[in-house]
Amino acid sequence: MDQLKEIAESLVEGQADRVRELTQAAIETHTDVEKILNEGLIAGMNVVGDQFKREEIYLPEVLFAARAMKAGMDLLEPLLLTAKTKPKGKIILGTVSGDVHDIGKNLVAVMLKGAGFEVTDLGVGVAAEQFIEAAKQQGARLIGMSALLGTTMQNMQTTIEALEAAGLKGQIKTMIGGAIVTQSFADKIGADGYAPDAGSAVDKARELSGLS
Ligand code: B1M
């Protein structure tokens, strides 16, 4: 079977050891790292998402798949991090309050670091005040928020409103993303930018930091 397909299928089956082994083999045979990520790990996670939606699998299986994704990501991360550029500016990153999904956010962090950004990752369940306090402390001009749930995406708006109330909107810009988020939602809540995936998150962060 095709190496990348096998990674995706092993991830769907939640076999972390197998995913680690296959990812290592793909790296050793010089398969393009972004191809391993997109056509192996992310492709597998998309299948898991569809199966979960159709109730063909349940939370434990999703958790096993998430663990398998992490096993592969741990190997890819150092390779994605080979920064070829000078520091590009600071960004505060986190998954919003009430939301524990962090796989996509972690991927965005890796890509941003790889592109030379100084990333402060606040983790998951990050409240509006935490985003703003960290940005002020670090002197960051950009806050990046991730959300994957219909019930938590509104918390992005809470942060933007808190920035506005503090008189910082415009000085500190906001970029949002996550499977549930769209450009029209970003427009509606007044976010400065939206990116559909980790690659375009880098382009958007460059644009919002005045670097493109
Ligand atoms: Co959950 N979950 N989950 N889950 N989970 C979703 C999101 C869901 C769509 C599944 C489904 O029904 N099909 C659904 C949400 C439905 C909705 O609200 N519309 C859902 C649900 C319902 C839930 C629970 C409520 C289930 C329950 O308890 N009954 C629960 C909520 C827990 C909580 O947060 N409070 C829950 C729990 C979990 C796990 C813990 C089991 C696990 C998360 C593990 C972890 O993250 N450490 C999990 C997972 C793995 C998923 C799915 C299957 C996969 C998410 C993922 O990692 N995708 C997901 C289904 C899906 O999304 N198709 C699902 C891979 C990742 C690389 O993609 O995160 O989209 P993504 O990130 C992309 C882009 O979106 C973008 O770049 C990334 C890379 O390209 N991006 C940004 C992300 N953040 C960005 C930020 C940016 C820019 C771009 O700028 C700052």
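The values are calculated or read from the model by the stated rules, or taken from the named source; none is laboratory data. What you see is a predicted model; the values in this text were computed from it and never measured. Ideal geometry is used to build each Cβ from the backbone, glycine not excepted, and the neighbour counts take in all protein chains shown. Surface accessibility is based on the protein's heavy atoms, side chains included, excluding ligands, DNA and RNA. Shrake-Rupley method; radii C 1.70, N 1.55, O 1.52, S 1.80 Å.
Measure nothing but the geometry: give the 0 to 90° angle between the long axis through the Cα atoms of 198-208 and the longest principal axis through the Cα atoms of the chain, rounded to 10°.
Helix 198-208 sits at roughly 20 degrees to that axis.
How large, in percent, is the carbon and sulfur part of the accessible surface of the chain at a probe radius of 1.4 Å?
Here it works out to 52 percent.
Sorted by average packing, counted as other Cβ atoms within 10 angstrom per residue and highest first, what order do 9-18, 54-63, 121-130, 161-170 take?
Working: 9-18: 19.7, 54-63: 11.3, 121-130: 17.8, 161-170: 13.8.
Highest mean packing first, the order is 9-18, 121-130, 161-170, 54-63.
List the residues whose amide H sits under 5 Å from the amide H of LEU142, counting only those 5 or more places along or on another chain, with H placed 1.01 Å from N in the peptide plane.
ILE92, LYS173
So for the stretch 145-189, what percent of the C-alpha to C-alpha distances run longer than 14 Å?
Pairs farther apart than 14 Å: 45 percent.
Calculated from DSSP H runs of 4 or more alone, at -39500 (n - 2.57) each and per residue, what is the 222 nm mean residue ellipticity of the chain, nearest 500?
One gets -16000 deg cm²/dmol as the mean residue ellipticity at 222 nm.
Rolling a 1.4 angstrom probe over the protein heavy atoms, how many square angstrom per residue are accessible across the stretch 57-119? Mind dumping the intermediate values first?
Numbers: 3070 Å² over 63 residues.
About 49 Å² of surface per residue is accessible.
Give a residue-ordered list of calculated ³J(HN,Hα) values for the stretch 100-112 (Karplus: 6.51 cos²θ - 1.76 cosθ + 1.60, θ = phi - 60°; whole Hz; x for Gly, Pro).
For the stretch 100-112, the Karplus curve yields 9, 5, 10, 5, x, 4, 5, 5, 4, 4, 4, 5, 5 Hz.
Which value, in Å² rounded to 10, gives the accessible area of ILE180 with a 1.4 Å probe and all protein chains present?
ILE180 has an accessible surface of roughly 70 Å² with all protein chains in place.
Please name whichever of ILE57, ALA71, GLN138 sits farthest to the positive end of the charge dipole of the stretch 57-158, dipole taken about the Cα centre and charges placed at Cβ: Lys and Arg +1, Asp and Glu -1.
Positive-most Cα among the choices belongs to GLN138.
Give me the dipole magnitude in Debye, nearest 20, for the stretch 91-212 about the Cα centre, with unit charges on the beta carbon: positive for Lys and Arg, negative for Asp and Glu.
Approximately 180 debye in magnitude.
Using the Karplus curve 6.51 cos²θ - 1.76 cosθ + 1.60 with θ = phi - 60°, work out ³J(HN,Hα) for each residue of the stretch 51-62 in order, rounded to whole Hz, and write x for Gly and Pro.
5, 5, 4, 7, 6, 7, 9, 10, 3, x, 5, 5
Restricting things to alpha carbons, tell me how big the chain is in terms of Rg and Dmax, in Å.
17.5, 57
Specify the angular offset, from 0 to 90 degrees and rounded to the nearest 10, of the alpha carbon long axis of helix 128-138 from the longest principal axis of the alpha carbons in the chain.
Helix 128-138 sits roughly 80 degrees off the main axis of the chain.
Between TYR58 and ALA25, what is 0.36 nm times their sequence separation minus the Cα-Cα distance? Round to one decimal in nm.
Value of the extension gain: 8.9 nm.
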